[in-house]
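Peer 1: Sharing a structure below in structure tokens format, with a few things to ask.
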Amino acid sequence: MDKKQYKNIDEYIAGFPEKIQTILQNLRRVIHEAAPEAQETISYGMPAFKQNGIVVYFAAFKDHIGFFPTSSGVSAFPKELAPYDTAKGTVRFPLDKPLPVKLIKRLLRSGCRKI
């Protein structure tokens with residue numbers, strides 16, 4: 001991930017190869033669907049959505065998409081998240097597999113604050 005300071009999510013996404021851009025745009029769309037009132041922002045150099053505070057961050061890395069909902073969101077779905085690398089408040093979605101759209105929406109709706 002580049003250390004550049006981005007002005008908005010469009011600028012962030014534009015800095016990646018087309019394949020990664022497609023994944024990031026899809027994730028962005030899924031977040032909008034799950035949290036339609038959340039506003040886009042850049043925070044800590046990453047795309048983020050806020051609604052009464054940060055709802056979720058996400059970022060592209062060399063071999064995965066980092067998805068950063070609340071730690072309670074991650075801990076609420078241990079069985080569903082078993083196929084993915086996780087840490088407190090972090091899920092790593094591999095670039096070579098489809099995004100788990102339904103799971104992402106569930107994570108956002110159940111674990112993220114004030115949606």
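Peer 1: Under the definition of Cα pairs under 8 Å and six or more residues apart, what whole-number percent is the relative contact order of the chain? Spell out each step's value before the answer.
Peer 2: Details: 179 pairs, mean separation 29.1, N = 115.
After rounding, I find 25 percent.
Peer 1: Taking segment 1-72, how many lysine pairs are there with alpha carbons less than 18 Å apart, if each pair must be eight or more places apart or span two chains? Don't jump to the answer; show the numbers that get you there.
Peer 2: On the way: LYS3/LYS62; LYS4/LYS62; LYS7/LYS50; LYS19/LYS62.
Number of lysine pairs found: 4.
Peer 1: Tell me, in nm to one decimal, what length is gained between PHE16 and LYS102 on full extension, where the rule is 0.36 nm per residue of separation less the Cα-Cα distance? Don't skip to the answer; put the middle values down first.
Peer 2: On the way: separation 86, 0.36 × 86 = 30.96 nm, distance 2.48 nm.
Stretched fully, the PHE16-LYS102 segment lengthens by 28.5 nm.
Peer 1: In addition: When the Karplus curve 6.51 cos²θ - 1.76 cosθ + 1.60 is applied with θ = phi - 60°, which whole-Hz ³J(HN,Hα) does each residue of segment 34-44 get, with x for Gly and Pro?
Peer 2: 7, 9, x, 8, 5, 9, 6, 7, 10, 9, 6
Peer 1: Sequence-distant or interchain residues sharing an amide H contact under 5 Å with PHE77, placed H: which?
Peer 2: none
Peer 1: Go ahead and estimate [θ] at 222 nm for the chain from helices alone: -39,500 (n - 2.57) per DSSP H run with n ≥ 4, summed, over the residue count, rounded to 500. Walk me through the numbers before you get to the answer.
Peer 2: Working: 5 runs with 43 residues, N = 115.
So the helix-based figure for the chain works out to -10500 deg cm²/dmol.
Peer 1: Once the whole set of protein chains is in place, how much accessible area is left on SER75, using a 1.4 Å probe, in Å² to the nearest 10?
Peer 2: 80
Peer 1: In the chain, if the dipole is taken from +1 on Lys/Arg beta carbons and -1 on Asp/Glu beta carbons about the Cα centre, which of ILE42, PRO17, ALA82 is farthest to the positive end?
Peer 2: Checking the options against the dipole of the chain, the answer is ALA82.
Peer 1: Another question, if that's okay. Would the chain count as rounded, prolate or oblate if I go by the C-alpha gyration tensor, calling it rounded below 1.5 in a/c and otherwise prolate when a/b exceeds b/c, oblate otherwise? Walk me through the intermediate numbers first.
Peer 2: Values: a/c = 1.64, a/b = 1.18, b/c = 1.39.
The shape class here is oblate.
Peer 1: Distance from the Cα centre of segment 6-25 to that of segment 78-105, in angstrom?
Peer 2: Their Cα centres are 20 Å away from one another.
Peer 1: Taking a ≥ b ≥ c as the square roots of the Cα gyration tensor eigenvalues, with a/c under 1.5 meaning rounded and otherwise prolate when a/b beats b/c, else oblate, which class fits segment 16-58? Mind dumping the intermediate values first?
Peer 2: Values: a/c = 3.40, a/b = 1.48, b/c = 2.30.
Verdict is oblate for segment 16-58.
The values are calculated or read from the model by the stated rules, or taken from the named source; none is laboratory data. In this text, all values refer to a predicted model and were calculated from it rather than measured experimentally. Ideal geometry is used to build each Cβ from the backbone, glycine not excepted, and the neighbour counts take in all protein chains shown. Accessible surface areas use protein heavy atoms only, side chains included; no ligands, DNA or RNA. Shrake-Rupley method; radii C 1.70, N 1.55, O 1.52, S 1.80 Å.
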